[in-house]
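All remarks here apply to the structure that follows.
The values are calculated or read from the model by the stated rules, or taken from the named source; none is laboratory data. No experiment lies behind these values; they were computed from the predicted model shown. Using ideal geometry, Cβ is built from the backbone for each residue, glycine included, and neighbour counts are taken over all protein chains shown.
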Amino acid sequence: MSKKIILTGGGTAGHVTPNLALLPRLKAKGFEVVYIGSKTGIEKELVTAAGVEYKAISSGKLRRYFDMKNFTDIFRVIKGTFQATVIVAKEKPDVIFSKGGFVAVPVAVGAFLNRVPFVAHESDMTPGLANKLAMPFAKKVCTTFPEAVGYIKGGKGVHTGTPIRPELFRGDRQKGLAFCGFDGTKPVLLIMGGSLGSVVLNNAVKVVIKELSTKFDIVHLRGKGNLDDELNGIKAYRQFEYINKELRDIMAAADVVLSRSGSNAISEFLALNKPMLLVPLSKKASRGDQILNANSFKSQGFAEVIEEENLTGELLVKKVNMLYNNRQRYISAMKNSAGVDGAAAVMREIENALKK
């Protein structure tokens, strides 16, 4: 008998790619897949490119701080809740799985009103606001970090890890080098600021780009609208707004990574054994989850960390060189870590919810 699942999550690629990582397993189990996302988020492009039916709803951000947009966004959330409830009623899924983001809150309510089992996934050490709002409607809440289970109320938390896109393990180093126009004589530094980019990282790298490029070939994913024409003349430097299809080859080519510390991205670097220098979002710009993520990876020997407030060009160059020179130590720690790819564990929770 065929089964149907609704996937949801959006706002950044980190809320989407784990859902896409589940697709091969869901299809192998005979699931029909439908995705509910926002009208304007990055998820629409990623999901439709994967050949999955996409349903768009209205979505608003619920902020922990005062902002005039809170007054208008609440109406978007209410509208989205009505839309999600209607979609769930029409699609009649057997189960719903959420990767988080504010688009998931209306879907959680829609699942509850239609009596559909709902399973959520929390990427970070502590739950974000969207997941806190959705958790009362969930049967189980899967977590990336084992420490996060203690923050999930009602005994719903279960440590699964994060689903990793299987195609990332099929990257080709030579194709990655060729795509960037590198000859392979220098080590490759991959710089990523998340799917939306990082102005802080972009600016810090620009100051020391000539110094870094004497030792490394550099491929830099800068975020939409953040390309810098002034850097185009540097031979050992390639910049892109965002890369999807060729990312697996670029990751295969990378020797070390400089990145923000979003949970999904660093979980992928861990799975691929890529030594990483992490610059987490400061508490001024976030709730501090990236700082917890980064420090957890540092304590396990996977990464080095620079706090955003301490970021200077001189320290950046020093840490990148140290990371590369000691790369085998970090690679060994990552290879010895347990439970890297959480796809199988998440699938078990989805199927358990389905049975109940």
Can you find, within segment 58-69, the residue that is modelled with the highest pLDDT among those that are out of contact with any helix residue (DSSP H, G or I) (no Cβ under 9 Å at 6 or more places or on another chain) and in a loop (DSSP other than H, G, I, E, B)? Met68
Restricted to segment 178-222 and to residues being surrounded by fewer than 20 Cβ atoms within 10 Å (Cβ to Cβ) and touching a Gly at 6+ places or on another chain (Cβ under 6 Å), the residue farthest from Ala252 (Cα to Cα) is Val207
Return yes or no: is Val346 crowded, with 18+ Cβ neighbours inside 10 Å and either outside the structural domain of Tyr242 (by TED's automatic domain parsing) or charged (D, E, K, R) (or both)? yes
Matching residues, segment 186-220, being within 24 Å of Gly11 (Cα to Cα), touching a residue at least 12 places away in the same chain (Cβ under 8 Å) and out of contact with any helix residue (DSSP H, G or I) (no Cβ under 8 Å at 6 or more places or on another chain): Leu196, Gly197, Ser198, Val199, Leu201, Asn202
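Would you be able to say whether some residue in segment 335-348 is closer than 25 Å to Pro18 by Cβ, touching a strand residue (DSSP E or B) at 6+ places or on another chain (Cβ under 6 Å) and in a helix (DSSP H, G or I)?
Here is the first cut: in segment 335-348, the ones closer than 25 Å to Pro18 by Cβ are 335-348.
Within this subset, residues satisfying the condition of being touching a strand residue (DSSP E or B) at 6+ places or on another chain (Cβ under 6 Å) are 342, 346.
From what is left, the residues that are in a helix (DSSP H, G or I) are 346.
Looking for residues that are closer than 25 Å to Pro18 by Cβ, touching a strand residue (DSSP E or B) at 6+ places or on another chain (Cβ under 6 Å) and in a helix (DSSP H, G or I), one finds at least one in segment 335-348, hence yes.
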Counting only residues in segment 94-126 that are of a type outside the set (A, V, I, L, M, F, W, C) and surrounded by fewer than 24 Cβ atoms within 10 Å (Cβ to Cβ), the one modelled with the lowest pLDDT is identified as Thr126
Looking only at strands (runs of 3 or more DSSP E) that fall completely inside segment 76-156, which ones have 3 or more residues that are under 25 Å from Leu281 (Cβ atoms)? 118-122, 140-143
Take segment 23-57 and flag every residue that is buried (at least 24 other Cβ atoms within 10 Å of the Cβ), assigned to a helix (DSSP H, G or I) and out of contact with any Phe, Trp or Tyr (no Cβ under 7 Å at 6 or more places or on another chain). Glu43
Inside segment 119-136, can you point out the residues that are of a type in the set (Asp, Glu) and either assigned by TED's automatic domain parsing to the domain that holds Pro280 or touching an Asp or Glu at 6+ places or on another chain (Cβ under 9 Å) (or both)? Asp124
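Would you say Ser259 is over 25 Å from Asn203 (Cβ atoms), of a type in the set (Ser, Thr, Tyr), buried (at least 21 other Cβ atoms within 10 Å of the Cβ) and within 19 Å of the chain's Cα centre (by Cα)?
Numbers: over 25 Å from Asn203 (Cβ atoms): no; of a type in the set (Ser, Thr, Tyr): yes; buried (at least 21 other Cβ atoms within 10 Å of the Cβ): yes; within 19 Å of the chain's Cα centre (by Cα): yes.
So Ser259 does not fit the description; no.
Would you tally the residues in segment 157-171 being outside any loop (DSSP other than H, G, I, E, B) and within 18 Å of Leu270 (Cα to Cα)?
Going residue by residue through segment 157-171, those that are outside any loop (DSSP other than H, G, I, E, B) are 157-159, 162, 166-170.
If we keep only those that are within 18 Å of Leu270 (Cα to Cα) as well, we get 159, 162, 166-170.
Count: 7.
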For residues that are of a type in the set (Gly, Ala, Ser) and free of Cβ contacts under 8 Å to residues at least 60 places away in the same chain, scanning just segment 115-142, find the one that is nearest to Ser296 (Cα to Cα). Ala120
